[in-house]
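A quick write-up on the structure given underneath.
We did not get these values from a lab; they are worked out from the coordinates using the rules stated. In this text the structure is predicted, and so the values were computed from the model without any measurement. Don't worry about glycine lacking a Cβ; one is built from the backbone with ideal geometry, like all the others, and counts go over all protein chains shown.
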Amino acid sequence: MRNRRHDEQRVRGIRRPCVLSRTAGFSLLEVVLAGTIFLGATVALSQLVWNGSRASIQSRLLAEATWRCESKMQEAVAGVVALSPVSATPFDDDPAWSWSLNVSEGPYAELLAVEVMVTREGSTPLASAGFRLKRWIRDPQWFIDAAAEEAAAAAAETSTSSSSSSSSSGSGSGGSQQNGGSR
């Protein structure tokens with residue numbers, strides 16, 4: 001029996017233990033961990049791409065809304081568009097865009113507060129945009145009325161001075177006209 005044990009011990013000493021032997025390749029844990037890292041990176045990159053495309057669309061729509069709003073404001077200031085309230089009128093070139101004009105009194109009698117609002121109602125909030133521009137301009141009607149009043153006052157003064165000069169010349173004294181019509 002002793003020989004037999006000795007032979008077994010000798011054989012055991014020659015054999016490699018199972019714990020130390022390793023086969024080539026990845027373990028299941030390493031594969032799952034690598035897959036998780038890959039999916040996390042893919043999700044993060046796709047979120048960055050989505051945020052970038054959304055910001056691009058919104059900035060393009062906001063730039064177009066700003067441009068359209070400034071154009072309508074310039075048309076209102078130039079007199080191409082009447083300074084009267086207009087609501088939700090579509091643009092001729094793109095009916096998806098609409099504009100509104102609101103005119104109210106300003107802080108002074110000769111000023112008007114003109115507000116132009118341009119909106120685009122899309123099928124989603126991402127496709128919608130809007131811009132509002134407010135400007136104070138001089139009321140053209142106020143200046144026209146002031147000029148008309150001044151002209152009427154000048155005409156009244158001229159008619160008063162001409163009637164007084166004609167009455168003095170018609171008195172029959174036959175004298176010279178010293179206050180002849182101009183002042």
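Descriptive notes on the structure:
- Positive dipole terminus of the stretch 116-166, leading residue within Ala156, Thr124, Ile137 (C-beta point charges): Thr124
- Dividing the alpha-carbon radius of gyration of the stretch 43-144 by the rule-of-thumb value 2.2 N^0.38 Å gives 1.36.
- Applying the Karplus relation 6.51 cos²θ - 1.76 cosθ + 1.60 with θ = phi - 60° to the stretch 111-126 yields 3J(HN,Hα) values of 10, 10, 9, 9, 10, 10, 10, 10, 9, 10, 9, x, 6, 10, x, 5 Hz, where x marks Gly and Pro.
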